[in-house]
Each structure stands twice: as structure tokens, then as C-alpha cells.
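Report on one structure; see the data block that follows.
The values are calculated or read from the model by the stated rules, or taken from the named source; none is laboratory data. Just so you know, these numbers come straight off a predicted model, no measurement behind them. Note that we place each Cβ from the backbone using ideal geometry, even for glycine, and neighbour counts take in every protein chain shown. For the accessible areas, the whole protein counts, side chains as well, though only heavy atoms, and no ligand, DNA or RNA atoms are used. Shrake-Rupley method; radii C 1.70, N 1.55, O 1.52, S 1.80 Å.
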Amino acid sequence: MSYYRLLGLEKEPFSTSPDPKFFYESREHHAALMRLVIEIRLRRGLSVILGDVGTGKTTLSRKLFQMLKEREDIIFHMILDPTYDTEELFLNSLIRTFKLEIKNEHPTILDYKEAIKDYLFKTGVEANKTIVLLIDEAQKLNSISLEILRVLLNYETNEYKLLQLVFLGQLELLPHLREMNNLWDRISLKYVINPLDEQETKEMIEFRLKVAGYNSSVEFFTEDAIREIYRYTQGYPRRISLICHNALKALMMDNKTVVDAALIRDLVAKDITATVQV
């Protein structure tokens, strides 16, 4: 039996998989989501969300998808890893992402571009749909791919852009965008997600436990334990999930009922020791 069931939980509360059900909306995550939705509905073009590794960008993308997928007027596409070396490879990935068919048996780059252009105009203008393309790990986009996307942003009516681009990336994406003035000027939203504060760390832990089915009035994590978790993780959601996952496993192994500060300090010491040995 899984450890979480032995603890009275229905699901794994601290998985690092991007499940939107377990997405804790901090003030910054909520602000980023709401601003993204507004930009997409207004069809402004390019939105950029930045944050360090582990700040919850990928889970935010799944939450955005969940929010928009029920709308009949929005078509949502995602590219999770935009690592493509050549223009042809990236265009081909867009063709596959948009699920387009090329009649030419041996399509050229021009065929790819024309197919994408036709799709944007027919879907965005004739069918009046909002086409969203979200690119995760956008810092991996090279200059060739960025230039292709810049050209796609040129397709517009007098009122709106035909493609709504959302870049989710690490902070290193910023200088790459600044180097391309003609793309930088097209960004309608720039937002940086920062780590959680100590109170939000506590709220995230409690939220995920509740979603996992915990309904007891007895707290799993003491206030001192949460303080130690925040000190160690500095409020990064992925780190919080990892150490809380390990804490619940240790709870079972040590035959304890509450995660206290001593248990967290022990886990931190073991993690630091393992890192040093590696």
C-alpha cells in the first residue's frame, strides 16, 4: 500500500508532476494567470512569463489550459520542448502541433509557411477562433525559431493578432528577446514569477494535503517544520513538494504522526551530505 493511504490520504499530495488540481495559486501565480487570460481574450499577441527553475511555470501552463479548454472559441496548442536546430525542423513541429496536412508529398519550407499562414487566417478570421500557442522551456528557442514566431505575429486584422503566443521560460530568455528589437516590441505582457513567502509555503502545503483528501484537524506539519522547510527551499514550489514528499515517507519509516522541525533538519542534512558526495 502507498504511504499516503496509510496516512489517511487518497492521493499522493506532493508529486512534482504538473497536475493542475494540485496547483496552489499564490498571489503571483494568480496575477500571472489572470493577466494571461486577459491578453489572450483581447488577442494582443505575445505574452512572456519568466521564473527560475521550480517556480511553477509548467503547472501554471496546465492550469491555463484547463481554464481555456472548455471555451469553444479558443484553440489551445502546446510545445513542451522547443529544441529544434533548423528552420525546417521547427516549422515541421508547428505543422504537427497545429495538426495540418500538407498536400505536397515532399514539402518545402515555403509549403510549411503557406500552410501555417492559411491555417491562421481561416481559423482566426473566417472561423473567428482564438488560436493559442504556448511554448514551455522557451529559453531553448534559438534565433531561427524566434524569427519564425516573429513573422507569425505579423499576421493580424485591424483589430487583433491571429496567433496568441505564450512563452514560459527561465530568466535567461530575457536577454535573447532583448537582442531582437522587432520581437521585443511585440511583447504585450511581461511577468516574472517569484518564489513563495513563508506564509504561502504553509498555505501550499495545507492546500495540497487537503486536495489529497486529508480532512483531519490534526496538523501533519508543525509551525517549526514549515519554518525549516521555507528556510531550506526558499519558497520554490518544486523544492517544497520534494522535501514534503520525503518528510511523509520518513514519517512512516520512523513511526511518527507529525512532521516536526527535527525531522526536516535531518532530511536537509542527508540531502546536503548526498550532494557533497556526488
For the pair Leu80/Phe65, report the inter-label distance in nm, with labels modelled 7 Å from Cα in the Cβ direction. 0.8
Pull out a ≥ b ≥ c, the square roots of the eigenvalues of the alpha-carbon gyration tensor of the stretch 60-138, then state rounded if a/c is under 1.5, prolate if not and a/b is larger than b/c, and oblate in the remaining case. oblate
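Mind pulling up the Rg/Rh value for the chain? Radius of gyration and Kirkwood radius, both on Cα.
Over the Cα atoms of the chain, Rg/Rh equals 1.06.
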Expressed in angstrom, Rg and Dmax over the Cα atoms of the stretch 151-278 are 21.4, 66
Note on the chain, DSSP bridge orientation, antiparallel percent to nearest 5 equals 5
What is the calculated FRET efficiency for Lys190 to Arg27, with r their C-beta to C-beta distance and R₀ = 25 Å, to the nearest 0.05? 0.90
So, how do all the Cα-to-Cα distances of the stretch 1-133 break down into 5 Å bins, in percent, from 0 on up? 2, 8, 15, 16, 16, 14, 11, 8, 5, 3, 2, 0
Quick one: check the C-alpha center-to-center distance for the stretch 32-65 versus the stretch 81-157, whole angstrom. 20
Within the stretch 82-239, count lysine pairs with alpha carbon atoms under 16 angstrom apart where the residues are 8 or more positions apart or belong to different chains. 12
Could you please state how large a percent of the accessible area of the chain is carbon and sulfur, counting protein chains only and using a 1.4 Å probe? 49
In a solvent-free Debye calculation with one equal scatterer on each Cα, what is log10 I(q)/I(0) for the stretch 42-199 at q = 0.09, 0.10, 0.13, 0.19 Å⁻¹, listed in the order of the q values? -0.29, -0.36, -0.61, -1.30
Rounded to the nearest 20 Debye, what is the dipole magnitude of the chain about its Cα centre when Lys and Arg each give +1 and Asp and Glu each give -1 at the C-beta? 360
How about the stretch 79-114: which trypsin sites (Lys or Arg not before Pro) there are in a DSSP loop, with at most 10 other Cβ atoms within 10 Å of their Cβ? Lys99, Lys103
Taking only protein heavy atoms and a 1.4 Å probe, what accessible area per residue, in Å², does the chain have with all protein chains in place? 52
